[in-house]
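Mind having a look at this structure? Questions to follow.
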Amino acid sequence: PVRVALMPRRVRRAAAHRVAMAQFEIRGLARKHDRSGILIFVSLAERYARIIADEGISARVPQSQWQAAVDVLVTHMRKGRIAEGFVEAIDLCGNELAKHFPLTGAARRELSDRIYLI
């Protein structure tokens, strides 16, 4: 904790971003058939939150839309309502995904909907 606190903010954010990108790959989010995987990543130690979107969905949804979900999440977290923040951010992201990649009869679940604590 002390080492992290002494690191410059941009270094902490760069490290958190690297971890987020690694988790995106490790969790297989880049292996979806339609390239619509997203990761909502939060690092409390680095005070960093970001939504990583694969190229299929990022081509259709601007970063500002994902940032709106991050802003909602962060607002709830500042009030100590972490779970509510995740629920609302997940709902916003799910709505965006449903607009651009609606479920069809042939659709199958390629990924699990899980929360990982690392």
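Tell me, which residue of segment 1-21 that is touching an Asp or Glu at 6+ places or on another chain (Cβ under 8 Å) and aliphatic (A, V, I, L, M) is surrounded by the fewest Cβ atoms within 10 Å (Cβ to Cβ)? Give the steps one after another, and end with the answer.
First pass over segment 1-21, keeping only residues touching an Asp or Glu at 6+ places or on another chain (Cβ under 8 Å): 4, 12-13, 15-16.
Checking which are aliphatic (A, V, I, L, M) leaves us with 4, 15-16.
Working: VAL4: 13, ALA15: 16, ALA16: 20.
It comes out as VAL4.
Output the number of residues of segment 40-54 satisfying the condition of being within 17 Å of ASP71 (Cβ to Cβ) and either in a strand (DSSP E or B) or among the acidic types (Asp, Glu) (or both).
Of the residues in segment 40-54, 10 are within 17 Å of ASP71 (Cβ to Cβ) and either in a strand (DSSP E or B) or among the acidic types (Asp, Glu) (or both).
Still on this structure, please answer the following. When you scan segment 46-58, do you find a residue that is among the aliphatic types (A, V, I, L, M) and out of contact with any Phe, Trp or Tyr (no Cβ under 9 Å at 6 or more places or on another chain), even just one? It would help to see each step written out before you state the result.
From segment 46-58, those among the aliphatic types (A, V, I, L, M) are 49, 51-53, 57; that's our starting set.
Still in the running and out of contact with any Phe, Trp or Tyr (no Cβ under 9 Å at 6 or more places or on another chain): none.
Taking every residue of segment 46-58 in turn, none turns out to be among the aliphatic types (A, V, I, L, M) and out of contact with any Phe, Trp or Tyr (no Cβ under 9 Å at 6 or more places or on another chain).
Separate question: How many residues are within 20 Å of ARG47 (Cα to Cα), modelled with pLDDT under 85 and among the hydroxyl-bearing types (Ser, Thr, Tyr) if we restrict to segment 60-118? Give the derivation first.
Pass one, segment 60-118, residues within 20 Å of ARG47 (Cα to Cα): 63-64, 66-90, 115-118.
Now restrict to residues that are modelled with pLDDT under 85: 115-118.
Right, trim to among the hydroxyl-bearing types (Ser, Thr, Tyr) and you get 116.
Final tally of qualifying residues: 1.
Each row is one residue, and each column tells you yes or no for (1) touching a strand residue (DSSP E or B) at 6+ places or on another chain (Cβ under 7 Å); (2) hydrophobic (A, V, I, L, M, F, W, C).
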| residue | (1), (2) |
| --- | --- |
| ALA15 | no, yes |
| ALA20 | yes, yes |
| PHE24 | yes, yes |
| GLY37 | no, no |
| ILE40 | yes, yes |
| SER43 | no, no |
| ARG50 | yes, no |
| SER58 | no, no |
| VAL72 | no, yes |
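Scan segment 22-37 for residues that are open to solvent by 80 Å² or more (accessible area, probe 1.4 Å) and in a helix (DSSP H, G or I) and report the count.
3
I would also like to ask the following. Looking only at segment 64-90, how many residues end up being assigned to a helix (DSSP H, G or I), loosely packed, with under 12 Cβ neighbours inside 10 Å and either touching a Phe, Trp or Tyr at 6+ places or on another chain (Cβ under 7 Å) or of a type outside the set (Gly, Ala, Ser) (or both)?
Just the residues of segment 64-90 that are assigned to a helix (DSSP H, G or I), to begin with: 64-78, 82-90.
So of that shortlist, the ones also loosely packed, with under 12 Cβ neighbours inside 10 Å come out as 64, 78, 83.
Okay, now just the ones that are also either touching a Phe, Trp or Tyr at 6+ places or on another chain (Cβ under 7 Å) or of a type outside the set (Gly, Ala, Ser) (or both), so 78.
Going through segment 64-90 one residue at a time, the tally reaches 1.
The values are calculated or read from the model by the stated rules, or taken from the named source; none is laboratory data. Fair warning: this is a prediction, and the values are worked out from it, not measured in the lab. Counting neighbours? That spans all protein chains shown, and the Cβs are built from the backbone with ideal geometry, glycine included. These accessible areas exclude ligands, DNA and RNA; they are computed on the full protein's heavy atoms, side chains included. Shrake-Rupley method; radii C 1.70, N 1.55, O 1.52, S 1.80 Å.
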